[in-house]
Amino acid sequence: MAVIWTVEDEETISILLVKIIKSMGHESVHCVDADELNRQMKTSLPDLMLLDLMLRGKDGYQILVDWKKDPRTRNIPVIILSARSTERDKVKGLDLGAEDYVTKPFSVSELKARINTALRRIVPASQKLEAGALVLEPDERQAFVDGEAVSLTTQEFQLLHYLARHPGQLVTRAQLLTDVWGYQSETDTSRTVDYHIRSLRKKLGDEASNPRFIETVHGSGYRLLTGE
């Protein structure tokens, strides 16, 4: 199950979107404008957002620009739903980082297909993740090694969760700085990433010289071993 947010100020369409999302087995959260969206972001984040362009106050293009600038949300896909159907509007939305662009009126089957396509490209933030003996349960913010709970700080869990969502892949220090800690710059003289990796390894019972979970890729970053 994914968590899908909608930002739409037309009541009829809002009700329809919520019904469509729930009929697909996903959780729906609805916002009418940018202000309500910002309030919702203080407590949670979605796996996918459906965004109207013509909204009260800040329009959809402005919301999309802010969404893609924010390290917390830049990797969360956005599907634009809009009555604006010109090629110029579509190109602008896609250039600003939208995953897809669906024009109104839309068919229910088409929208479901577009949502499914977008979700196949991501790992839902709430999905249970496993890498060998390591298990993460994001909804409960819990980590387990060999079935035993591991107590992690919020930042340690966010770091481990980010690595777990990219299993077996090299994740650079620059990626971690911008996507986990929200740094505007990719340089960090305080070595934030390395400090937290050391702390994380200690709690996981891992060793840099003989890694079970987190492998150092010298000069580049880190990789979460999948245990395969």
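The values are calculated or read from the model by the stated rules, or taken from the named source; none is laboratory data. Bear in mind the structure is a predicted one, so any value in this text is a computation, not a measurement. Positions of Cβ are generated from backbone atoms using ideal geometry, with glycine treated the same way; all protein chains shown enter the neighbour counts.
Results for (1) over 30 Å from Leu176 (Cβ atoms); (2) free of Cβ contacts under 8 Å to residues at least 60 places away in the same chain; (3) of a type outside the set (A, V, I, L, M, F, W, C), shown as yes or no for each residue.
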position: Trp5; (1), (2), (3): no, yes, no
position: Glu11; (1), (2), (3): yes, yes, yes
position: Val32; (1), (2), (3): yes, yes, no
position: Lys42; (1), (2), (3): no, yes, yes
position: Val78; (1), (2), (3): no, yes, no
position: Ser85; (1), (2), (3): yes, yes, yes
position: Lys90; (1), (2), (3): yes, yes, yes
position: Tyr101; (1), (2), (3): yes, yes, yes
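Scanning the stretch 103-128 for residues that are modelled with pLDDT of 90 or more, hydrophobic (A, V, I, L, M, F, W, C) and not in a helix (DSSP H, G or I) yields a total of 1.
Just to be sure before I move on: is Ala143 loosely packed, with under 14 Cβ neighbours inside 10 Å and either not assigned by TED's automatic domain parsing to the domain that holds Asp70 or not in a loop (DSSP other than H, G, I, E, B) (or both) in the structure I sent? No, not satisfied.
Suppose the filter is in the same structural domain as Asp9 (by TED's automatic domain parsing), in contact with a helix residue (DSSP H, G or I) (Cβ under 6 Å, 6 or more places away or on another chain) and surrounded by 15 or more Cβ atoms within 10 Å (Cβ to Cβ); does Tyr61 pass it? No, not satisfied. Thr6 satisfies every condition listed in (1) part of a loop (DSSP other than H, G, I, E, B); (2) within 17 Å of Lys112 (Cβ to Cβ) except (1). Scanning the stretch 10-39 for residues that are surrounded by fewer than 16 Cβ atoms within 10 Å (Cβ to Cβ) and more than 17 Å from Val108 (Cβ to Cβ) turns up Glu11, Glu27, Asp35, Glu36, Asn38, Arg39.
Scanning the stretch 67-96 for residues that are in a loop (DSSP other than H, G, I, E, B) and of a type in the set (D, E, K, R), we see that the one that is modelled with the highest pLDDT is Arg84.
Can you tell me which residue within the stretch 79-95, out of those that are surrounded by 17 or more Cβ atoms within 10 Å (Cβ to Cβ) and not hydroxyl-bearing (Ser, Thr, Tyr), is nearest to Met49 (Cα to Cα)?
Ile79
Have a look at Ala149, Ala208 and point out the one that is in a loop (DSSP other than H, G, I, E, B), free of Cβ contacts under 8 Å to residues at least 24 places away in the same chain and of a type in the set (A, V, I, L, M). Result of the check over Ala149, Ala208: Ala208.
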